[in-house]
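Notes to accompany the following structure.
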Amino acid sequence: AVCDTRGMEVRRLLLVPHPAERMYDLIEGAEHYPSFLPWCAAATVLARTDEEVAARVTVEVRGVHFQFVTRNRKRRPTWMGLALEEGPFRRFDGEWNLAPLGDAGCRIDFALRYDFESALMRRVAGAVFERITSTLVDAFVARADALGERIPKPLPVGPAQPPDQAPAAPAGDVRFPDEPGVTT
């Protein structure tokens, strides 16, 4: 991570032994983030089409708690452009580029530029968010490693549900038989 007067910039470039499609589905599937990103207390997909996905993400770690909403343009399985819709940032933009490498996996190029709106938020959450962003790519790769062939597909988003009613889980690959709490 690099810090300058315009905020922080994170850039990661690495080769992974997973197909671009699998990595893309993990990145795009924000509703699954709480199951493998320890700092993510909640994530809700607000809208999803073939061209974009919007999600609310709640960060909760080491006494730091905040939410932000992104509306990201996408081209499966090679690109996602990150854009802030609401949250405690003055700047938040970036992109994921995934280049398929045949049987070798894919190349991930991740870039994110951000700065908190207030000096207080920068002092309170800056170090925590810097750690989150600098380890984000590694967390997705570790999740792909852990799941092997069983990467969950993003869930379709239907009509909004009242807050006290959780949407019914669709049939399919949301949970796996070997996960804790799941019986077959």
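The values are calculated or read from the model by the stated rules, or taken from the named source; none is laboratory data. A quick note: this is a predicted structure, and the numbers were derived from the prediction, not measured. Note that each Cβ is placed from the backbone with ideal geometry, even for glycine, and that neighbours are counted across all protein chains shown. Note: areas computed on protein heavy atoms with side chains; ligands, DNA, RNA excluded. Shrake-Rupley method; radii C 1.70, N 1.55, O 1.52, S 1.80 Å.
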Item to check | region 1-156 - percent relative contact order, Cα under 8 Å, separation 6 or more | outcome: 28
Item to check | Of all accessible heavy-atom area on region 52-155, the percent that carbon and sulfur account for (1.4 Å) | outcome: 49
Checklist outcome for this item: Taking only protein heavy atoms and a 1.4 Å probe, the highest-to-lowest accessible-area order of GLU95, GLU28 is GLU95, GLU28
Checklist entry - Roughly what would the spin-label model give for HIS65 and LEU14, points 7 Å off Cα along C-beta, in nm? => result 3.1
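Taking only C-alpha pairs under 8 Å that are 6+ residues apart, what is the relative contact order of region 32-86 in percent?
Values: 101 pairs, mean separation 13.5, N = 55.
25 percent.
Mean separation of Cα pairs under 8 Å and 6+ residues apart, divided by the residue count of region 62-130: what relative contact order is that in percent? It would help to have the intermediate numbers written out before the result.
Details: 116 pairs, mean separation 17.6, N = 69.
Computed over region 62-130, the figure is 25 percent.
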Next on the checklist: Heavy atoms of the protein only, probe of 1.4 Å, neighbouring chains included. What is the accessible area of ARG71 in Å², nearest 10?
Outcome noted: 80
Checklist entry - ASP109 versus LEU46, label points 7 Å from Cα toward the beta carbon: distance in nm? => result 3.0
Next on the checklist: Kirkwood Rh over alpha-carbon pairs of region 1-99, then Stokes-Einstein at 4 °C and 1.567 mPa s: what D in µm² s⁻¹, rounded to an integer?
Outcome noted: 89
Checklist outcome for this item: Quick calc, ASP138 & SER118: beta-carbon distance into FRET formula, R0 30 Å, rounding 0.05, result 0.55
